[in-house]
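FYI, it's all coordinate maths here, none of it is from the lab. Just so you know, these numbers come straight off a predicted model, no measurement behind them. Every residue, glycine as well, gets a Cβ built from its backbone with ideal geometry; the counts of neighbours run over all protein chains shown.
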Protein chains: 2
Amino acid sequence: MAETDEGASPTETDQLGTMDLTETCLNHAFSDRVLIRSIVGRPDGGAGLAGKRVRAGGWVKTGREQGKGTLAFLELNDGSCPASLQVVVDAGVAPVLKKLVATGTCVVVDGILKVPPPPPQGQGTRPQRIELGVEKVVHIGEVNPAKYPIPKRNPTLEFLRDHLHLRSRTNTIAAIARIRNALAFATHSFFQDHHFLYVQTPIITTSDCEGAGEMFQVTTLINEADHKLDKELIKIKKDGKIDYTQDFFARQAFLTVSGQLQVETYACGLSNVYTFGPTFRAEHSHTSRHLAEFWMVEPEIAFADLKDAMTCAEAYVKYLCKWLLEKCLDDMEFMDDGCRHPISSEHERYLTEVKFQKPVIVYNYPKGIKAFYMRLNDDLETVAAMDVLVPKVGELIGGSQREERYEVIRERILEMGMPLEPYEWYLDLRRYGTVKHCGFGLGFERMILFATGIDNIRDVIPFPRYPGRADL
Amino acid sequence: MAETDEGASPTETDQLGTMDLTETCLNHAFSDRVLIRSIVGRPDGGAGLAGKRVRAGGWVKTGREQGKGTLAFLELNDGSCPASLQVVVDAGVAPVLKKLVATGTCVVVDGILKVPPPPPQGQGTRPQRIELGVEKVVHIGEVNPAKYPIPKRNPTLEFLRDHLHLRSRTNTIAAIARIRNALAFATHSFFQDHHFLYVQTPIITTSDCEGAGEMFQVTTLINEADHKLDKELIKIKKDGKIDYTQDFFARQAFLTVSGQLQVETYACGLSNVYTFGPTFRAEHSHTSRHLAEFWMVEPEIAFADLKDAMTCAEAYVKYLCKWLLEKCLDDMEFMDDGCRHPISSEHERYLTEVKFQKPVIVYNYPKGIKAFYMRLNDDLETVAAMDVLVPKVGELIGGSQREERYEVIRERILEMGMPLEPYEWYLDLRRYGTVKHCGFGLGFERMILFATGIDNIRDVIPFPRYPGRADL
């Protein structure tokens, strides 16, 4: 349009107005391309952005040449949402269209958004609300389809476990990643809303929370001796015990199995706290619900009892579910469509699956099967413990009121044949300014199993660790 | 007041109205007591809650008897904010007032909030805006002051490091805990606001990000052999190498030094991602700025270059500072009053402290001193790396654009004498759908040092790990 001194026509003004508005909706996230989510994730599917010039980038989900090699259609996905952006490339813009269409190819393009023509009658596919007509191809990260490790059609989750470094490019693993992200942020939001402080408990520990013994050892002894070509890698003292004085921490150290005991020291001073961090079990479990490295959320509440812990646990899990439905509806719908499989039949699932079909809380367990720190009930036979069981997954949460009475907990430690010395610091919390308190642990990956309906816990953590495997 | 059929007087109605309003302001956080923060943390200092009946709980900061043992005044703190609630107990309510006044005592009381009388003329102390007149003492967790490990007056931070389990009850460590919590949630909020996905990278790894070698080893070999009374704790193969086939992961495994290489696999599929997790260095460093276990924030951005990484880093650090001033002003003021000490004088601090007195970014380092994955600049001599240096702390952030060109990065690995095989998965990201991308790592504890002015990094993490020490 030629320049003129006259004012812009009403049509032009409207268009400019719309474009100003949309400018603020397009998120670049510190890059020179817009997130595809900020186009196709709009309530109007992006139609309102027609006419806008943008740079988009992503990986080709599916691509095809059409019209005897004169056009290419690409479904471009950048992981910002499950939906892809349809990109139309003319051979006049990119002469070798074949380079663009292979699944997995990375493409960055400049173009103009437009409303595509309606699909031919009789074609049942949902029409795109917007597509990008490419003016310039800025970047092609090629893929040789003959060598690309990920098959185009329906690779199994088992197969993808052998290709951890590429599996985030698949629809299912990407949806799980977004749901996992949402659950993590929802967790922080819930506890922050309720004035809990996030306390990062140690990963390397010299305490043993459960007395279970199935712990990974952390050491520099082997490597250092190996580098010095020292044949006696581990030195044995005269009393037959291993000499840890030369180890990094000058004593035997482990990977934590729980941050609970440590976070209690913060609860007994700051009242409401929680941990959210990795925990470890060196168990040779090959089930679909166990990992050697997993994440746990562990709130601890001072001035509170078992009932308060249950109230908190219920409010927390409901908050997570509500959050997912509000913020991840597209991913949740995808999981519901594609990923539910027949359930397995372990015994503890009976209550939730057959009887209630929803989460249940079991509480007041016999003291003999529970840990020393759980509060002894007045019957002297049971402890104030509770577990939350959910359909398909089984135990999602385990919690308890903690024994705050010095004489009682001391007696319990001795009764269980445990030494007092390593727990003196823990006993100090009962000696000095003791307070009733409670808490629980939620297995974060189990929550993701519950939320997604995925069968195997190895598919809901980015880099699963289990016996014999720690890829990458 | 006698019951009557008449309507309530205006005064009563107002009072009831006020009480209904305040009910919603009082946060119990899943317990039967209110958080002290929701009383004294109000803009009016709690004065508007006069007349309200509440249960409060906390630990006594200071307590004193007065009027020949007829009254006790307690400064009660529950960690929900730096300020304490003044609690007044009459001997008629709790005959043995001495039990209440020792520092560290846990007290739960029911009472009525009231505006205290003005202080006697000439006393310069800032008057309390509200105090709690106790009607019933619900719980006393006693402290024998002769045995309490924490001295009442000004224990040093060094002293407190030997009492990790009780140090969260001190003003300084509690303020640091709240600031740390705020920075952690601000971190998640910043990246979520910008559509980054939180990806939890592995703690146990079989990759070595830096090639540095200063890694902790994770093993079950020693413990299992020790339990079997097996004298040959570690088996050596005929080729002289250690036999890891019986170790948990069937190969040598380590604690991660960085999640970067792994999180790149998610960036090259989901575009904008970040990790926030523990990382480890088995270095025998005894400085005030190094820990064996520390937390790192590592964003990774696809379709972005070094300049984008700098923009992101600057926006992130500014966001953190703004967040603290908005949400933690009382704690920040406390740190400013009490905790600044003379700075030390290491060389790399010169630029920030002497020249600019504010953060600076240094970029484009010679390739010889930087890691293989940093993008080679067109001069073939420097790489697209950047560091953010801040006053007192030195390096707060280190980042780079990553080398996305397959041939170039392959050449760099060989040039540095590293084996290709362990990096084949990393090379795959360049073989299949490669994309320009960048990222950085922020040392979370260093950010807390910068924010608080604390000297020693061991005081800004709840459970510090360093050579010879891993308490609890």
Near the amide H of residue B:198, under 5 Å away, which other amide H atoms are found, from residues 5 or more places off or on another chain, if H is placed in the peptide plane? B:274
What are the extents of the Cα atoms of chain B along their three principal axes, in Å, largest first? 90, 57, 51
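Helix-only estimate, please: 222 nm mean residue ellipticity of chain B, summing -39500 (n - 2.57) across DSSP H runs of length 4 or more and dividing by its residues, to the nearest 500.
That comes out to -8000 deg cm²/dmol.
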If the cut-off is a Cα-Cα distance under 24 Å, which lysines reach residue A:367, setting aside same-chain residues fewer than 8 apart in sequence? A:307, A:436
To the nearest 10 degrees, how steep is helix A:306-327 against the longest Cα principal axis of chain A, on a 0 to 90 scale? 10
Low-density loop GluC sites (Glu not before Pro), the range A:376-472, at most 12 other Cβ within 10 Å, DSSP non-H/G/I/E/B, are A:381
Tell me which aspartates and glutamates have Cα within less than 16 Å of residue A:392's Cα, excluding those fewer than 8 residues away on the same chain? A:336, A:346, A:348, A:353, A:445, A:455, A:459
For a quick check of your reading of the filter: which GluC sites (Glu not before Pro) in the range A:255-316 sit in a DSSP loop and have no more than 14 other Cβ atoms within 10 Å? none
Quote the FRET efficiency, to the nearest 0.05, computed for residue A:214 versus residue A:456 with a Förster distance R0 of 22 Å and r equal to the Cβ-Cβ distance. 0.55
Taking the Cα centre of each part, how many Å lie between the range B:361-403 and the range B:446-467? 25
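Excluding residue B:115 itself, calculate the net charge of residues whose Cβ lies under 14 Å from the Cβ of residue B:115, where each Lys or Arg counts +1 and each Asp or Glu counts -1.
On the way: positive: B:42, B:52, B:114, B:129; negative: B:44, B:131.
Every neighbour counted, the sum reads +2.
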Taking the alpha-carbon distance from residue A:238 and a cut-off under 18 Å, which aspartates and glutamates remain once sequence neighbours fewer than 8 residues away in the same chain are dropped? A:247, B:226, B:230, B:232
Just to be sure I follow: if Rg is taken over the C-alpha atoms of the protein assembly as shown and Rh is the Kirkwood radius over the same atoms, what is Rg/Rh? 0.99
Can you run phi through the Karplus equation (6.51, -1.76, 1.60; θ = phi - 60°) for the range B:133-145 and list ³J(HN,Hα) in whole Hz, with x for Gly and Pro? x, 7, 9, 8, 8, 8, 7, 10, x, 5, 9, 8, x
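Taking the Cβ of residue B:183 as the center, what net charge do the other residues with Cβ under 14 Å away carry, scoring Lys and Arg +1 and Asp and Glu -1?
Overall, the nearby charge balance is +3.
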For the pair residue B:138 and residue A:325, how long in nm is the line joining their label points, each one 7 Å along Cα→Cβ? 3.4
Chain B: longest segment with zero exposed trypsin sites (Lys or Arg not before Pro), where exposed means DSSP loop plus at most 11 other C-beta atoms within 10 Å, is residues B:242-472
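Within a 10 angstrom radius of the beta carbon, how do A:229, B:442 rank from fewest other beta carbons to most?
On the way: A:229 7, B:442 23.
In order of increasing Cβ crowding within 10 Å: A:229, B:442.
Just want to confirm a number: the relative contact order over the range B:212-315, from Cα pairs under 8 angstrom separated by 6+ residues, in percent.
Numbers: 124 pairs, mean separation 25.4, N = 104.
The normalised contact order for the range B:212-315 reaches 24 percent.
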Helix A:329-338 against the longest principal axis of chain A: what's the angle in degrees, Cα atoms only, rounded to the nearest 10? 80
With R₀ set to 56 angstrom, the calculated FRET efficiency between the beta-carbons of residue B:286 and residue A:68, to the nearest 0.05, is 0.20
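Among residues other than residue A:199 whose Cβ falls under 11 Å from its Cβ, what is the net charge (Lys/Arg +1, Asp/Glu -1)?
Working: positive: B:178, B:180; negative: A:264, A:298, A:300.
Net charge in that neighbourhood comes out at -1.
Beyond a 28 Å Cα-Cα separation, which of these cross-linked pairs lie in this structure: A:370/B:152; B:99/B:152; A:68/A:136; A:322/B:327? Mind dumping the intermediate values first?
Working: A:370/B:152 38 Å; B:99/B:152 16 Å; A:68/A:136 21 Å; A:322/B:327 26 Å.
Cα-Cα > 28 Å for A:370/B:152; rest within.
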XL table B:61/B:114; A:237/B:237; A:52/B:358; A:228/B:228; Cα-Cα > 30 Å flagged, in table order, is A:52/B:358
